[in-house]
Structures are given as C-alpha cells and as structure tokens.
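Visitor: Encoded as structure tokens, here's the structure I'll be asking about.
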Amino acid sequence: MRKVAIQGILGSYHDIAAHKYFEGEEIELICCANFEDVFSAIKKDSQTIGMLAIENTIAGSLLHNNELLRQSGAQIVGEYKLRISHSFVCLPDEDWADITEVNSHPIALMQCREFLGQHPGIKVVEGEDTARSAEIIQQEHLKGHAAICSKAAAERYGMKVLQEGIETNKHNFTRFLVVADPWQVDELNRHRSKDVNKASMVFTLPHTEGSLSQVLSILSFYRINLTKIQSLPIIGREWEYQFYVDVVFDNVLRYKQSIAAITPLTKELKILGEYEDGKSNV
C-alpha cells in the first residue's frame, strides 16, 4: 500500500487529488498540518510520496512550495489538475435561516466572494482548512455555523449541503505535484503509462543584459514550449532572482539538448522533475 503525505485532513482537496491520481490503488494518507511536514514525512520515510498544491488558476502560485521543493531535494514524479468546486454546508438539523457564521480557508473564502456578497448577514471567519472547518462544526456541534468545503468533506463529516458550486469562477483548477525521494523516482517511473513530456527546473542568471532572453531563445530554437515562468528574489542577494520554469516537449532528445545548451548560460540549474503532463478530473 502506498503512503501519501498531504497537507490537510481527510476530505480535503489534497485528499481528493491523491485518490484521483492513484485511482485504483490502495493508499494510506499521512495528514500533515503544513507543507513543511509533508517534506519531513518524505525525509523520514523514503517510501512516502508527497502531494502538494503548487498553483491555482484564480489564486495563483504557492510560491513558498516552490522553495520548499527546491530545498528538499525531492523530485516531481507527476501532477494532477483538480477542478475545485465548493459547497456551503451546515449541521444536518439546520437550514439557511439558522446560519450566522461561515468558516473556511482564506483562499476558499476568496474564491466564493460573490456568493458571500449575496449573504451580507453571515459573518465570515477564516480557518486553517476547508475540510477541517466542517469537521470542527460537526465535532463541536456548532449551531449557526456553516463551512465552505468540498462535497466529499460534507459527506465524510455528516454535514448537510445547502448549496453546491458556490465558487465565483467555474474555471477553478488547482495543480497538485506528486513528489518523491530521488531514490524512488525510477521505481515510480516504471509504472508510467506514457513517456515523459514535461519538466520543471529552477536556475539563477547572471545580472547581465539579455541573460533571460538568451535562455528563452534557446528553448524556442529547440521547440520547447514554456508553460510557466516564475521569478523569486534571492534573499540576501540584491536584485538577483531564481527562475522557476515549467516546459513541455514532444521529443525527449531535443529537450535534453536544450538543457545542455542553456546550462552554461545559467547558474545553479536544477531539474526538479521530469514527468508526464498532468491528469485531470475534467
């Protein structure tokens, strides 16, 4: 049975993404309070796989997770793109008229701003997790409280769904990375259904004119498609940046040649993972 470390509890979106990615397999979840603990679980037991959100189509990138991944030495072995749909839930014996407060993760609340604006009488209170908000209401039998979470979390914690699909933008997807100890990568890759066609990397550049455009020109020459570029300032080194880059390709040899070509132009180039372009639940 695979052990998968996630941030959050049972019923969270990380839980849903893990089960979707490993569909048809038995998995044992290790629920962690934060993303640092996910990487600690992998370090403690090299057989453990990590699942972590890296970006959302509305809220943007989780920059801190990029840095945790780089520092950890773990490798990306896959990804999953999960359509996020929020539900407004409460205790089974309550209804709309009883609700005075709603609890959820700040990003979930932000994604349901339009819905919350239609109910100005309901007090909005931030919590640590979507599913955890539902669990607390159920455990402590908090009358008058509602949670914003997944329908799966509502079912798990015996909550009543008052309304589904309350997110403002229906094109709401979160991309999750599947990460593992480098020693486990080859073993996990043996079960791959298709060849790798995506890679994530990080590098720094000398503070010289045109250094980034040179790298991008080479990737373009080798017909490597850049799908994401994110810059983060390097603490303690003024005006120097780390660039986190995702690329997709249809020819592994051309990809390898492009990496060889840009390596002399970059500093501290590190491949974070080579994997198959993400599965999705849509």
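Visitor: Using a 10 Å cut-off around each Cβ, can you sort ARG113, ARG132, ARG83, ARG156 from fewest to most neighbouring Cβ atoms?
Guide: Values: ARG113 11, ARG132 24, ARG83 15, ARG156 19.
Ascending Cβ contact count within 10 Å gives the list ARG113, ARG83, ARG156, ARG132.
Visitor: Would you mind checking the tilt of helix 63-72 against the longest principal axis of the Cα atoms of the chain, expressed as 0 to 90 degrees and rounded to 10?
Guide: Around 60 degrees separate the two axes.
Visitor: Can you compute 3J(HN,Hα) from phi for each residue in the stretch 82-88, using the Karplus curve 6.51 cos²θ - 1.76 cosθ + 1.60 with θ = phi - 60°, rounded to whole Hz and x for Gly and Pro?
Guide: With coefficients 6.51, -1.76 and 1.60, one gets 9, 6, 9, 10, 9, 10, 9 Hz.
Visitor: A follow-up question, please. Under 5 Å between amide H atoms, partner at least 5 residues away or on a different chain: which partners does SER61 have, H built in plane at 1.01 Å?
Guide: ASN56
Visitor: Mind listing P(r) for the stretch 87-164? All alpha-carbon pairs, 10 Å bins, whole percents.
Guide: 22, 62, 16
Visitor: What translational D, rounded to a whole number of µm²/s, comes out for the chain from Stokes-Einstein when the hydrodynamic radius is the Kirkwood one over Cα pairs, at 25 °C and 0.890 mPa s?
Guide: It diffuses with D of about 120 µm²/s by this estimate.
Visitor: Short version: ³J(HN,Hα) in whole Hz for each residue of the stretch 204-215, in order, from phi by Karplus 6.51 cos²θ - 1.76 cosθ + 1.60 (θ = phi - 60°), x for Gly and Pro, what are they?
Guide: 10, 10, x, 7, 10, 4, x, 5, 6, 5, 4, 4
Visitor: Separate question: Tell me the Kirkwood hydrodynamic radius of the stretch 133-282 in angstroms, computed as one over the mean inverse distance between distinct C-alpha pairs.
Guide: Details: mean 1/r = 0.0520 Å⁻¹.
The Cα-based Kirkwood calculation yields 19.2 Å.
Visitor: Can you spot the lysines whose alpha carbon is less than 27 Å from LYS279's alpha carbon? Ignore those fewer than 8 places along the same chain.
Guide: LYS3, LYS20, LYS43, LYS81, LYS151, LYS170, LYS194, LYS198, LYS228, LYS256, LYS270
Visitor: Return the FRET efficiency for the residue pair ILE229, ASP98: r is the Cβ-Cβ distance, R0 is 45 Å, and the value is rounded to the nearest 0.05.
Guide: Once the sixth-power term is evaluated, E becomes 0.40.
Visitor: How large is the Kirkwood hydrodynamic radius of the stretch 198-280, counting all unique pairs of alpha carbons, in Å? It would help to have the intermediate numbers written out before the result.
Guide: Numbers: mean 1/r = 0.0756 Å⁻¹.
Hydrodynamic radius (Kirkwood, Cα pairs) of the stretch 198-280 is 13.2 Å.
Laboratory data are not the source of any read-out in this text; all were calculated from the coordinates shown. Everything numeric here is computed off the predicted structure, so don't read it as measured data. Positions of Cβ are backbone-derived with ideal geometry, glycine not excepted, and every protein chain shown enters the neighbour counts.
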